[in-house]
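Contents: one structure, followed by commentary.
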Amino acid sequence: MGAAMKNQNTSKAATRGPAEHSVRDQIVDAARECFAHYGYGKTTVSDLAREIGFSKAYIYRFFESKQAIGEAICAECVGGLFDQVREAVGEGGDATDKLRRFARTATTATVELLFTDRKLYEIAVYASSENWEVVRAYIERMQGLLEEILKEGRENGEFERKTPLDETRRSIFYALKPFIDPVFLERSLDLLPDAQTEVTGLVLRSLAP
């Protein structure tokens, strides 16, 4: 979850000033502390300016809005989640094993975030609810990884080929969304891990050739 991942996932239109400028990182770090203490919804750019000792106008040289700062923080978060899922999938055997790892790791990594950094999780929930660009990019990457698994399974005969690939990918992602999307996951905690395991098993059975 380094600067490269953060800059990759943050909208260029949302940030101002040099991407690697140390002041930009200072603003993000201070914002993370403010959001953790007061919550994202209750923190204003004026609050951040007062906390850092900068003027609002100076902060706006680097970020066009509070949401832009939130997206920079959220980009680190979802970038880390995706890296964990991709690594787990890469350690899998066949496509069936990789799909199980995909679903299990996406769930456990998001649950871990919920319990280890509650305020950061709240930003992720807010971002998902408001459909921020960084969340859309995360979903696109996750679906891209899922499609790679499906293609591998089709090529080696593990999965059926009759259903259009894009339809299969979307349907599986919808089925797993209660265990991946932070908005829904918190409501599904009492169903874990059985529900996620059973849904994944049902998905795999539906993919049988």
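The values are calculated or read from the model by the stated rules, or taken from the named source; none is laboratory data. Everything quoted here is computed from the prediction, not taken from an experiment. Neighbour counts run over all protein chains shown; Cβ positions are idealised from the backbone, glycine included. Heads up: the accessible areas ignore ligands, DNA and RNA and are worked out on the full protein's heavy atoms, side chains in. Shrake-Rupley method; radii C 1.70, N 1.55, O 1.52, S 1.80 Å.
Out of S128, S171, one residue alone is at pLDDT 95 or above and either in contact with a Ser or Thr (Cβ under 8 Å, 6 or more places away or on another chain) or of a type in the set (S, T, Y) (or both). It is S171. Considering every residue within region 96-118, establish whether at least one is among the β-branched types (V, I, T), over 12 Å from I180 (Cβ atoms), touching a residue at least 40 places away in the same chain (Cβ under 8 Å) and in a helix (DSSP H, G or I). Yes, there is a match, as at least one residue in region 96-118 is among the β-branched types (V, I, T), over 12 Å from I180 (Cβ atoms), touching a residue at least 40 places away in the same chain (Cβ under 8 Å) and in a helix (DSSP H, G or I). Residue by residue through region 56-109, note down the ones that are of a type in the set (S, T, N, Q) and farther than 19 Å from A175 by Cα. If the condition is that a residue be of a type in the set (S, T, N, Q) and farther than 19 Å from A175 by Cα, then S65, Q67, Q84 are the ones that fit. As for region 187-202, it holds at least one residue that is without any contact (Cβ under 8 Å) to a residue 24 or more places away in the chain and touching a helix residue (DSSP H, G or I) at 6+ places or on another chain (Cβ under 7 Å). Based on this model, can you work out whether E158 counts as farther than 17 Å from F184 by Cβ, buried (at least 17 other Cβ atoms within 10 Å of the Cβ) and assigned by TED's automatic domain parsing to the domain that holds A175? So E158 passes the test.
Yes/no matrix, rows are residues, columns are (1) out of contact with any helix residue (DSSP H, G or I) (no Cβ under 8 Å at 6 or more places or on another chain); (2) under 27 Å from I69 (Cβ atoms):
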site: L120; (1), (2): no, yes
site: Y126; (1), (2): no, yes
site: N131; (1), (2): yes, yes
site: L145; (1), (2): no, no
site: G157; (1), (2): yes, no
site: L165; (1), (2): no, no
site: R169; (1), (2): no, no
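In region 124-155, of all residues being more than 22 Å from E87 (Cα to Cα) and hydroxyl-bearing (S, T, Y), the one that is most open to solvent (accessible area, probe 1.4 Å) corresponds to Y126.
Scanning region 60-95 for residues that are open to solvent by 40 Å² or more (accessible area, probe 1.4 Å), touching a Gly at 6+ places or on another chain (Cβ under 9 Å) and assigned to a helix (DSSP H, G or I) yields no hits at all.
Is it fair to say F159 is among the aromatic types (F, W, Y) and in a helix (DSSP H, G or I)? No.
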